[in-house]
Each structure stands twice: as C-alpha cells, then as structure tokens.
1. What distance in nm separates the simple spin-label points at residue B:228 and residue B:113, each placed 7 Å from Cα in the Cβ direction?
2. Considering only C-alpha atoms, what is the centroid distance from segment B:391-450 to segment A:149-191, in Å?
3. Extension gain residue B:331-residue B:500, at 0.36 nm per residue separation less the Cα-Cα distance, in nm?
4. Taking the solvent-accessible surface of protein heavy atoms with a 1.4 Å probe, what is the per residue accessible area of chain A in Å²?
5. Roughly how many Å² is the accessible area per residue of segment B:74-200, as a whole number, for a 1.4 Å probe?
6. How compact and how long is segment A:178-244, expressed as Rg and Dmax of its alpha-carbon atoms in Å?
7. Taking only the C-alpha atoms, wrap a convex hull around segment A:45-133 and report its volume per residue in Å³ as a whole number.
8. Filter B:307/B:365; B:228/B:309; B:216/B:268; B:59/B:135; B:365/B:410 down to the pairs with a C-alpha to C-alpha distance above 23 Å, please.
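The values are calculated or read from the model by the stated rules, or taken from the named source; none is laboratory data. Because the structure is a prediction, the values reported are computed rather than measured. Using ideal geometry, Cβ is built from the backbone for each residue, glycine included, and neighbour counts are taken over all protein chains shown. Ligands, DNA and RNA are excluded from the accessible area calculation, which covers all protein heavy atoms including side chains. Shrake-Rupley method; radii C 1.70, N 1.55, O 1.52, S 1.80 Å.
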Amino acid sequence: MSQYILRRLMIAIPSLLGISVVLFVVLALAPGDPFSELATNPNVPPEVQAALRTKFGLDDPIYLRYLHWLAAMVQGDWGFSFVSRINVDTLILQRLPTTLYVIGSAQLLALLIAIPVGVYAATRPYSLFDQLANTFAFIGFSLPTFFTGILFILVFSVKLDWLPFVYTDVPGSGIPWLLEMIRQAIMPVMVLGLFQAASMTRFVRSAMLDVIRLDYVTTARAKGLGQAKVIVKHVMRNAMIPVVTLIALQMPAVFGGAIVTEQIFRIPGIGSLLISSILANDTPVVMAVTFVFACLVVLFNLIADVLYGWLDPRISFR
Amino acid sequence: MFDNNLRGMIDDVRDGRMDRRAFVKRMIAVGLTAPLANQILAIGGVAMAQSPNPYKPTKRGGGGPLKLLWWQGPTLLNPHFATGTKDQDGSRIFYEPLASWDVDGHLNPILAAEIPSIQNGGLAADAKSVVWKLKPGVKWHDGKPFSADDVVFTWEYASDPATAAVSSATYAGMTVEKVDDLTVRIKFKDPTPFWANAFVGAYGCIIPKHLFAEFKGGKSREASTNLKPVGTGPYKFIEFKPGDLIRGEINQDYHMANRPYFDTIEMKGGGDAVSAARAVIQTGEYDFAWNIQVEDEVLLRLEKGGKGKTLYAVGGDIEFIAINFTDPNTEVDGERSSMKTKHPILSDQRVRQALALLVDRESIKKVIYGRAGRATANYLNGPEEFVSKNTKWEFSVEKASALLEQAGWKAGSDGIREKDGKKLKLLYQTSINGPRQKTQAIVKQACQKAGIDVELKSVVASVFFSSDVANPDTYSHFYADIEMFQIPMTQPDPALHMRRYHSRNVATKENKWQGPNFPRWVNKDYDAAVDAADTETDPIKRADLYIKCNDLMWQDTVMIPVMHRLAVEACSNTVRPALSGWANQTDNLQDWYRET
C-alpha cells in the first residue's frame, strides 16, 4: 500500500507541473497591475512605478518569470506578495488556522446532519420524515450562501442583536475567549454547514437506497439480524463509498466555495486572501493560493482512493 | 484693489498692528469664511493659528477599546511603501510626521515643537529653506530617544531611488541637514512656496534610524520593521495580519498630555462598504468605518434609529469627464491618440462646450451622490483661496443643440447629427463602479436629446487605473473620446494637482503613457502659469495663478467637472473623531475620544 501511495504521488508531480504552467500563463496574460493605486496618485512619480515594476520582475518575459517561480518553489520559496511585500507562505499560514476552524466546523456540522438524516430518511423512504428532509434539502441547496448569509445577518445581528457579524480575532484567553470565538463563528458555520448538509443529505439518502435493496441486505435481515445492525454494519459501510468520494473531492471546492461566506462575515481565511489578492492583482499570492488548491485536489483524490480500500477490501491497491 | 488692501492687512497682522481676530472679522465682512481668512493669513506668512482643539478627556487612557472598520484592510505598515490610503491609515496609527493637517486645513504640530513661520525664523524669506524644531523628550516605542538623526535618515531613506519608496517624489529636490539634536533644516533648490510637504501628512511619517539603517536602498523589503512598526504614535504595535487586522495598545509614554484616550485600538479590514456602514451605524459593532461610498438613500435608511451616523469631510477630490484632444481612432507611428493627430470632432471648441452643457449635475447629485457630493464647475475645489469664482455650470439641451448647429452638425434622419456624411458619435469610457455607470446613463440621455450618439464603455477598475503599458484600456492610454473618473487631491496645496496638465506631462508612447496629462491638452498660458506658481512666493499672486489655471481649463473645456466629492465616514454616536478632508482619517487619532 505504501508503494501504491508513493507511485500515486510520483504521478502527481507532472500533473501539478502542468497545472502550474497553466495557472502561471493565465495569470500573466490577465490584465491589471499591482501598482494601479499608485497610477492616479500625483505624489508618486512615474519613475517610481517603473522602478517597482522592474524590481519585482514584472517586465521580464513570461517564460523567464515562470522559471524563476519554479526554481524558487522547488527550494521552498513561495515568493513574496507585491502588495504586502512579505512572504506568501507567511501570509497563507496566518490565514490557515481560521480557515480550518471555520470550514472544518462547517464540514463537521454538515456531516453530523447529513449522515443521520440521510440514513434515517433512506430507511423510511417516502415517510413524512423523508418528505420533510427532502424539502429542506432542496431549499438548502437552492439558496446560495450569499443570500442566507445576509438573511442571517439581518435576523440575528440587526433585528435580534444576538450575534456579531464581523468575525475578528478576539484578544484574550480562557473560557470567555473561547465562548466569544464560538459565538462569532456560529453564523458563518451555520450558513456554510447547512448549505453543505443539504446536498450531502440527498447524496447519503440515495446512496443508502441503492444499497438497501441489494440481496445481501435482505439475506442479512433474513438471518434475523437487528435493523440497527443491518443498517450500520452492512448498508452504511458500502453506501459510504460514493459519499467519501463526494466529501473528499468537495474539500478543495469548499475552500473555494467559502470565499463568499468569508467575504460576507469578514473571516480572515484563505478564500478572502485569494479574492483580495485577485482584486489587487497580487499575482504571487494568487498563484500560490490556487496552486495550494490544486495540490489539495490531488491530495484528496489520493485520500479518497485509500479510503475506498478500507471501506471495501475488494478494491485492492496495485 | 482688493489684493492690495488685503496684502496691507496681512502685513498689519504680521507686524502686530492689527490683531488676528480683527482681520478675520473684516474678511467675514467682505464675504469670506473664517477658515479662508485664516488660510490667507497662513499663506501670507503669518504663523498659523491652530484651531481650538475640542479634546475633552483630562487623563490618558481609560477609554476602553476603539474599533475601526476599513473595508479594504491595510496590507503593509511602512508609510513609505503605502500603495493606497488604507496602508497610510494603518501605518499612521504607529508612525507620526512632524505636523499634520487638522480639521480646518491648518498645520498642527505633532513631532515638531512649533510650526515654522517667518516670525519664529523657521521660514526663510526667499522660500528656499525651512527650519523645523523638534519636540524634546519624544521616545520611540522601544524606548530609544527620537532626534534630528531620524528625520534626516527618513529623507535619505525615502529619496534613495533604490528604496523605491512611493514617497520619493516628496523628498526629491531637497537636502535635509541636522542643525542640532532637535533641529533640522530643509534646503530647496528653488523657491518652494509649498514647503509643508516633506515630513507632513501621510508621506511625512518619520521612521526610526536605529531600526531601518540597515534596510535603506535595495534591501528595503527585508526589514522586519516593515511588518512590526516601532513608531512614536499614540498606540503601540501588538499584531498585524495583512489585509485583515491591526491591533495596538495605548502608548503610556505618548508625548501629548492626556492623550490618547482609548486603551486599545483595532483596525479590522475586509468586506464591503455597505456592510461596514451597517456594522457602525445600525448594529454599533464597530465605532468607525472609513470611506463609505454608498448611495445616499442606503445611508439615510441605515441612519434611521441607528447607533451611528455619517460624517463628511471636505477636501478637493473631483469627479470629472475628460475630453480627448487627440484622435483615438487613427494610428500614427504605431500610436493611437498620438500628439500628431487632432480629434476630428472634439477639437472644435463648440462641441466641447456643448458637451459641458449636457452634464446635468443637479440630477447626478440628487440621484447618486446626495450629501457626499457638491455640483461644481471647477477642477480645483479647495482650499477656499484657490477656488475660482469665475466659472458657472449650466445644464441646457437647447444651448448645446444651438452650439452644435453652429459648428455645422445638422440633425440627420435618425435624430443623430451629422456633418460631411459623418455621424456625431462619441465613445465614453469609465471604470466599473455603480455611481459611474449611473452618471454615464444620465449624460448619455441628455446627449441623445441633443443629437449626439454616445456609446458607453466601462472597464474593470484594476485595469482602468493600472500603469500597465501593454493594456490599451487604461485611463492614461485614453483610447476613447471622453472618459470619467475621480482624481483625489492628496494635499491642501494645488501644485501637484495642477502640474499634471502641463504640456511636458502629456501621456505618450514615448513615456509609456506614464505622463499624467491624458487629455493631451497643450496650452502655453497654462504651462506658464503652473511654472510661475511653482516658485511664486507671494501667496496671493500664487493663488491667482492657480485660479487662472483652473479657468483656462474651463475656457478650453479640457474636462467637465461633475462632482466635488466629500469623504464619507460612518461613526458611532458617542465617538468624537478628528477628521480633516485634507488628511488621512487616522492622522489625528490622538485627538479622538468618546463622549460618555
């Protein structure tokens, strides 16, 4: 198995290289320049702008810039942000804990809702519970997060005045700090978690329904096994294979999809870093963040593959 | 006659024959405002009166936290690298200049012991040198003493081309020398009437020599102090996350008595202007939000029964429509809008005037800007003494039509005017921005009534305002017939603002479109007036020269001023900020307090 993982990782290298070329070319061809704010400022002489462009290598040809980037990247140097003039890895590491906390909690919430609800609904198809679950799931994933986000803000912050809607790093420690950190994360986690839960519930339900009708399940029941045991041990384990794929492949997309939520609640995560860097034409940061997303896709694919084998031993590693 | 009287009176005040208040009263009597009268005195060489400071707290600290919301978060904390006001605002919490512009546009000493004037010997009569006396006993946040060495170093740092500081223009063309530990002398090459540029305001922040000395020139990016500022300001640095958060705490050693009031400060970034306004005005989660360029009706709605309000600061920012004097559709030597061409339609003065008559500023103000804008006919809108009274805007489709008729543009069968078989068609470009697209629509409608076919174009702001040489859609390439945007006036002196349209600054392929004269307008009288004003030491003559510049632009209809824009800020009902249209919002942070 470790050989399998190693082989897969080796294969990943050329694909990541290809991805990086595409990303770099697209970014280099995209219009805009990081010093646009200086352009209308009469205090800043054109020479300074030109000097900055030369200094940051913006006037070099694309292939040269790419080679520079690649050489630095191989040595673990991610480059530095034109706008902040600090290293990109510092910038990303600063944002990562928040992203993991908020996105992680939202994903956890989604799983905690989707799996029990989906499984229960599948065991009683077309029951009142199933109908309700389906209805909510449909509403859930047809409402975009920017809409529910603003709705939550209007209800819980403006009308009821219960929750803050600006997510910020609260100073301090101990229980009150923890409570405050939880309090301000409630709305974004709910918005994101419910959105995810909605589509996942539908998926879990249909995966369960596919398996629940198979002969071996009937056999298990005929042997006199209890309903709970049949569902958990026999049905769920097999039904989880497509669900794992979905969740694993969705992870990178979630980082991206959280951009909107991060923007609404001002969460200092990777998504908001990406969007502000795009707006500021801060190419090294955009490049690094999108490249991280690409790596995540590759990585989570691998994780999904490994999980398949664990869930269904018939899938072997060769 | 008025000039001579005025000059005599200024001399009287200067020599003590008339007192300041009497002068101001007389000025008011002839219809001027008090701040204007003070400005006249100031530029007339009479030491500036500092506005009475309404600061009330009687002890330092005890004010709890101050929470600021900047919808574009600061991305770096070195004032000499600041790429936008957001970065200047962020660094200004920790760093300080020698003086800053206060609410009324007067100089207010910060690290200086006094404002240089002719009386105190600070200003040379030939306007070729300034002596600044520094406040004694000021300490950097790390406890080291602040001295003249730091001021001299800041000049060396910023003026070194290898540092690539954005403030470099401010420090070029002068030498700064240490007289003693608490005195520096600035020497200018030429007479410099606007001497209060270096070491004043956003680009004037002094940085500590002992921390930056190694990082002058090419190594400027490597200084860890770029991210962890050590300044002299009212708040000490705690934490910085670029684009997201700045946190600071009270500086107990601050050099002004009873200041600052707040114990901690937080500047949070990100999000958008509307929700920033909401967090301050409606929910009161934050105390102050910056630059709320939101439609007025939205603000009025938020303000109803809210916990905050909007504040307006008057500066000199101008939204205008510029006219292309060259032909954007003909290529000469591989260059469009070349100086070798003339615009086929707009080189006719009557057509330009007709266009000016078709901009309905009243409606634009009513529908779009509300309290945040003032309809204007001037390119130069402040300070008061530089504002022309000779111009007057008007909206009239009839007059515009008559002018076009005169110019030979006859109505065609489809309602669009034509001349020699050519349709009267103009391309009107601007950046993508709600209010700008609405303004475009209003102007287009009026133009249609007068028989001008206007094609609208909007370009993403990051492209439109970029200095990218290869991109034809930037405002400085100006490959359209007319274009609209805002030019901020960054200091209360028109020199930089007016120098842009000097003919040597025409944007061409040769200077990679870096020249700021994008209408490509050439006028000898204008050039002469700008050049003269640069070295004119008589304040009244100088103000006259800039008024003349403004009027020349108006007569030639180089650009159609649309709106004099004010800075809009959202503020909690209890916080008392000290804002100035001529300064950054955080420039007078030491004077902010909360009314309890």
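1. It works out to 3.4 nm between the two label points.
2. Computed from Cα coordinates, the inter-centre distance equals 52 Å.
3. Values: separation 169, 0.36 × 169 = 60.84 nm, distance 2.48 nm.
Extra length available between residue B:331 and residue B:500 comes to 58.4 nm.
4. On the way: 15560 Å² over 318 residues.
I get 49 Å² per residue for chain A.
5. Working: 3870 Å² over 127 residues.
That works out to 30 Å² per residue.
6. Both quantities, over Cα of segment A:178-244: 17.3, 53 Å.
7. Working: hull volume 18.4 nm³, N = 89.
In segment A:45-133, the Cα hull volume divided by residue count equals 206 Å³.
8. Working: B:307/B:365 26 Å; B:228/B:309 33 Å; B:216/B:268 30 Å; B:59/B:135 21 Å; B:365/B:410 32 Å.
Beyond 23 Å: B:307/B:365; B:228/B:309; B:216/B:268; B:365/B:410.
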